[in-house]
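The values are calculated or read from the model by the stated rules, or taken from the named source; none is laboratory data. For clarity, every value in this text was computed on a predicted model and none was experimentally measured. Cβ: placed from backbone, ideal geometry, glycine included. Neighbour counts: every protein chain shown.
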Amino acid sequence: AIVWVLTKFQRNGSAVQLEQHKDYYREMIGLVPPKVSKRLEFAASVDPEGLDQLEAIRKSVFESKHLDAKQVQIIAYVILLTQTSPAAEFHARAAIKAGATKEELFDAAKIAFLFRGLSAINHAGDVLAKIYGPDEADKA
């Protein structure tokens, strides 16, 4: 299965172009996060085939056969909240783009709270305030 995934996103033996990888993030999130952009650019310069392989695996996970895009992105958001990762913001944005509401994101943040505590729910407050604005976060 991994071999299929690794070859699925290659075309005629050549590596998928850097901009196509960036377009995937633009479609999913609405932008290419700065750290992701740097990683893609560096990897494309030193190992374009390796980059294609890594992105193919990532795409195969995020394009689930059994979970819709909103569910996948909410799960990623909660996991990243428990790690207090800045990437939680980008997966929250992707979840919104896939149809998630601020209420669903806040309920999901409460799950992160159970496993990480106040740091996770406080991080969610920062993320949601950044996305929705401080006035909206105060209402949550």
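For the condition at pLDDT 95 or above and farther than 26 Å from Glu19 by Cα, what is the one hit in Phe115, Phe90?
Selected residue: Phe115, the only one of Phe115, Phe90 that is at pLDDT 95 or above and farther than 26 Å from Glu19 by Cα.
Out of the range 58-68, which residues are over 13 Å from Glu104 (Cβ atoms) and either out of contact with any helix residue (DSSP H, G or I) (no Cβ under 6 Å at 6 or more places or on another chain) or surrounded by 14 or more Cβ atoms within 10 Å (Cβ to Cβ) (or both)? Working first, answer last.
Within the range 58-68, the first condition is being over 13 Å from Glu104 (Cβ atoms), and the residues that meet it are 58-67.
Scanning the range 58-68 gives Arg58, Lys59, Ser60, Val61, Phe62, Glu63, Lys65, His66, Leu67.
Pairs only if they're at least six apart or on different chains, beta carbon under 6 angstrom, first in the range 46-57 and surrounded by fewer than 18 Cβ atoms within 10 Å (Cβ to Cβ), second assigned to a helix (DSSP H, G or I); list them, first residue then second.
Ile57/Val5
Within the range 88-105, which residues are assigned to a helix (DSSP H, G or I) and surrounded by 17 or more Cβ atoms within 10 Å (Cβ to Cβ)? Lay out the reasoning, then the answer.
Going residue by residue through the range 88-105, those that are assigned to a helix (DSSP H, G or I) are 88-97, 102-105.
Residues satisfying the conditions are Ala88, Glu89, Phe90, His91, Ala92, Arg93, Ala94, Ala95, Ile96, Leu105.
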